[in-house]
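The values are calculated or read from the model by the stated rules, or taken from the named source; none is laboratory data. The structure displayed is predicted, hence computed values, not measured ones. All Cβ positions, glycine included, derive from the backbone under ideal geometry; neighbour counts span all protein chains shown.
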Amino acid sequence: MSRPPTSRDLARLAGVSQATVSRVLTNNPKVNPETRARVLQVLKEANYTPNALARAMKTGRTDTIGVFMTRVTSPFHAELLDEIGRVLSSVGLHMILWNIEHDPEESVSRVLQQRLVDGFLLTSATYDSTLHTMALESGTPTVLLHRGIDGLDCDQVVGDNWQGAYDAGRYLAEAGHTEIGLVRLEHTGNTSRDRENGFRAALDEAGVKIKARNIVTVGVPHADGHAAAQKLLSQKKPPTAIYTMTDLLAFGILDGARALGVTVPDDVWVIGYDNTDLAAWESFDLTSVAQPIHAIVETGVDLLRQRIVDPDRPTEIVTLPCPLVVRGSTANTPA
């Protein structure tokens with residue numbers, strides 16, 4: 001029985017140095033894409049499978065990334081998780097998921113201390129959470145995705161929530177709406193804060209004031225959106241448009257309106273946020289501010305890989321545009 005190929009054999013077949021093969025096996029981002037492709041092809045043809053434990057002992061790396069997330073069953077977070085898995089797989093990395101909604105802080109602390117992964121992706125940072133602080137203090141490379149923390153010295157990739165919300169508010173004002181409902185969330189982080197402040201800023205500029213009776217503060221479930229619609233649309237003078245901070249709440253608002261016999265968009269316009277796949281379904285046809293999930297994840301993974309290779313490089317905060325996607329819930333009226 002012939003012996004399995006060594007990294008030296010693979011280097012000779014690919015016409016590169018043994019060090020280059022090693023860099024490809026450890027997913028070093030500094031390898032030229034053409035060289036990486038050539039080495040990977042040789043690996044495939046040789047049916048080469050490196051010993052993960054031996055490689056980890058030699059390089060100090062596991063090729064595994066820890067992902068911390070909450071509400072993994074919500075439409076947006078499910079899509080975000082799927083994209084994280086896809087992008088990590090495309091660069092040869094594996095994923096371990098921790099649903100921090102159900103993990104006590106002490107168990108997360110043990111995960112950080114055990115150094116099971118090469119880096120962390122945090123998708124649910126909040127003001128009162130200490131998770132991002134613990135991750136950074138553990139010395140493990142860490143990137144915040146989707147939700148950022150103001151003033152935190154950490155790589156962060158987020159959508160431009162303020163501008164996206166501003167564009168939604170300006171869109172409603174320019175369409176002539178003056179009775180506007182706001183279904184808001186308590187501000188546990190800068191995401192919900194910016195999605196409210198940007199919207200209010202656009203209305204203020206247009207001279208439109210949101211009446212107190214048209215503001216409802218809710219939790220995150222679909223049922224809360226449904227209840228908010230019942231409250232807002234049962235008034236003697238209901239709003240002609242409602243903006244909310246997630247698609248999931250917007251779906252609840254649409255269902256709540258239907259339950260009252262209120263027609264969307266003839267009687268009321270509805271705008272959500274995130275532009276999840278469900279928003280395009282005919283039963284919802286929801287106008288929504290789009291979160292650039294692919295760009296957020298791809299940029300975040302790239303920053304994390306750079307941080308793993310160069311722990312001392314300056315931190316980066318990347319803000320990506322969130323465009324308004326117009327559909328039938330606002331009568332397909334052009335922005």
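At-a-glance table
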item: Options 169, 198: the member that is in contact (Cβ under 8 Å) with a residue 60 or more places away in the chain, in contact with a helix residue (DSSP H, G or I) (Cβ under 8 Å, 6 or more places away or on another chain) and surrounded by 22 or more Cβ atoms within 10 Å (Cβ to Cβ); result: 169
item: Residue match in segment 202-214 (condition: in contact with a Phe, Trp or Tyr (Cβ under 6 Å, 6 or more places away or on another chain), over 30 Å from residue 307 (Cβ atoms), assigned to a helix (DSSP H, G or I) and free of Cβ contacts under 8 Å to residues at least 60 places away in the same chain); result: yes
item: Lone unmet requirement of (1) touching a residue at least 60 places away in the same chain (Cβ under 8 Å); (2) touching a Leu at 6+ places or on another chain (Cβ under 9 Å); (3) aromatic (Phe, Trp, Tyr) for residue 127; result: (2)
item: Residue, nearest to the chain's Cα centre (by Cα), within segment 39-80, restricted to residues that are at pLDDT 85 or above and aromatic (Phe, Trp, Tyr); result: 76
item: Condition check for residue 281: out of contact with any helix residue (DSSP H, G or I) (no Cβ under 6 Å at 6 or more places or on another chain) and assigned by TED's automatic domain parsing to the domain that holds residue 173; result: yes
item: Which numbered condition residue 279 misses (of (1) without any contact (Cβ under 8 Å) to a residue 60 or more places away in the chain; (2) within 30 Å of residue 141 (Cβ to Cβ)); result: (2)
item: Members of segment 138-164 found to be among the charged types (D, E, K, R), within 24 Å of residue 116 (Cβ to Cβ) and at pLDDT 95 or above, listed by number; result: 155
item: Unmet requirement for residue 143, which otherwise passes all of (1) in a strand (DSSP E or B); (2) in the same structural domain as residue 286 (by TED's automatic domain parsing); result: (2)
item: Test set (1) among the acidic types (Asp, Glu); (2) part of a loop (DSSP other than H, G, I, E, B); (3) modelled with pLDDT of 90 or more - residue 167 fails condition number; result: (2)
item: Selection status of residue 87, buried (at least 16 other Cβ atoms within 10 Å of the Cβ), aliphatic (A, V, I, L, M) and either at pLDDT 85 or above or in contact with a Leu (Cβ under 8 Å, 6 or more places away or on another chain) (or both); result: yes
item: Those residues of segment 121-172 which are among the β-branched types (Val, Ile, Thr) and over 16 Å from residue 304 (Cβ atoms), in sequence order; result: 126, 130, 133, 149
item: Members of segment 22-37 found to be modelled with pLDDT of 85 or more and in contact with a Lys or Arg (Cβ under 8 Å, 6 or more places away or on another chain), listed by number; result: 31
